[in-house]
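Read the structure below first, then the notes.
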Amino acid sequence: MIMFFFRDTTIATNAVLEHKGAKTGFITTKGYRDILQIGGRHQRPQNYSIAQEIPWQERPMVERRYRQTVAERVGVADGKAYEKLPLDEEKVLQILTEFKEEGIESVVVGFLFSYLDPAHEDRVKALIEEKFPEFYVTTSANISPQFREFERFATASINGFVGPKMKKYIENLERVSVKRG
């Protein structure tokens, strides 16, 4: 007998609207630390106003001090990805150690061209799972493997921001439903 269980919740929506998500860190390609801050494809209500409030700048999912960069680069030639610069794993581990000391709960990994070749993001995820399993981890290529880094990184950042809360909710729901049989 197959049983289906449906549940509706606003936990993630409320976490975003109330800005009460996880303390999130972000690791990205060197030189792209502020892509989440300055991105957005110029979708501004008032194009030329420097005084307007822009949600992703005023209430970022990842505070600037928790956005760190690492040397790595995937290049593209003839439509194919290749490793242009190896991932600096030593720097990744240093950043993760600092994140742990700062009380980070969730780590988002977003590298350029990872939608074509996610190897560097996957390696950082493996390092996290091996050495820092307490972190909730999101890779941009896994959550949104699309062209355009702002959109990919922003989507991954939202997942990183709400993910730990949703994980806890689902684990509690699973525990209760198993108890009730």
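The values are calculated or read from the model by the stated rules, or taken from the named source; none is laboratory data. Predicted model, so just to flag it, every value in this text is computed and none were measured. We place every Cβ from the backbone using ideal geometry, glycine too, and count neighbours over all the protein chains shown. For the accessible areas, the whole protein counts, side chains as well, though only heavy atoms, and no ligand, DNA or RNA atoms are used. Shrake-Rupley method; radii C 1.70, N 1.55, O 1.52, S 1.80 Å.
Which GluC sites (Glu not before Pro) does segment 106-181 hold that lie in a coil by DSSP with at most 15 other beta carbons within 10 Å? Intermediate results must be reported in sequence, preceding the final value.
On the way: sites: Glu121, Glu129, Glu130, Glu134, Glu149, Glu151, Glu171, Glu174; in loops: Glu134.
Of the GluC sites (Glu not before Pro), the ones in loops of segment 106-181 whose Cβ has at most 15 other Cβ atoms within 10 Å are Glu134.
Once you mark the trypsin sites (Lys or Arg not before Pro) that are in a DSSP loop and have at most 11 other Cβ atoms within 10 Å, what is the longest gap between them in the chain? Walk me through the intermediate numbers first.
Details: sites that count: Arg7, Lys20, Arg41.
Answer from the scan: 42-181.
Between Glu102, Glu89, Glu18, find the one with the highest GNM mean-square fluctuation for the chain; connect C-alpha pairs within less than 10 Å.
Glu18
Roll a 1.4 Å probe over the protein heavy atoms and report the accessible area of Thr9 in Å², nearest 10.
Thr9 has an accessible surface of roughly 50 Å² with all protein chains in place.
Based only on Cα atoms, what mean projected area does the convex hull of the chain have, in nm²?
Working: hull surface 55.8 nm².
One quarter of the hull surface, i.e. the mean projection, equals 14.0 nm².
Looking at the chain, which longest stretch skips every one of the chymotrypsin sites (Phe, Trp or Tyr not before Pro) that is in a DSSP loop with at most 14 other Cβ atoms within 10 Å, leaving the sites themselves out?
Details: sites that count: Phe4, Phe5, Phe6, Tyr48, Phe147.
Here the longest segment lacking exposed loop sites spans 49-146.
Of the cross-linked pairs Lys20/Lys168; Lys84/Lys167; Lys80/Lys131, which ones have a Cα-Cα span greater than 26 Å in the structure shown?
Values: Lys20/Lys168 14 Å; Lys84/Lys167 36 Å; Lys80/Lys131 32 Å.
In this structure, Lys84/Lys167; Lys80/Lys131 lie more than 26 Å apart at Cα.
Tell me, what are the semi-axes, in whole angstrom and largest first, of the equivalent ellipsoid of segment 117-181 as set by the roots of 5 times the Cα gyration tensor eigenvalues? Walk me through the numbers on the way to the answer.
Values: eigenvalues 148, 48, 18 Å².
Rounded to whole Å, the semi-axes are 27, 15, 10.
With angles folded into 0 to 90 degrees, how steeply does helix 89-102 sit against the dominant principal axis of the chain? Use alpha carbons for both and round to 10.
Tilt relative to the chain: about 50 degrees.
When Lys and Arg each count +1 and Asp and Glu each count -1, what net charge do the other residues less than 13 Å away from Gly103, Cβ to Cβ, add up to?
Working: positive: Lys23, Arg65, Lys100; negative: Glu63, Glu98, Glu101, Glu102, Glu105, Glu134.
Here the count lands on -3.
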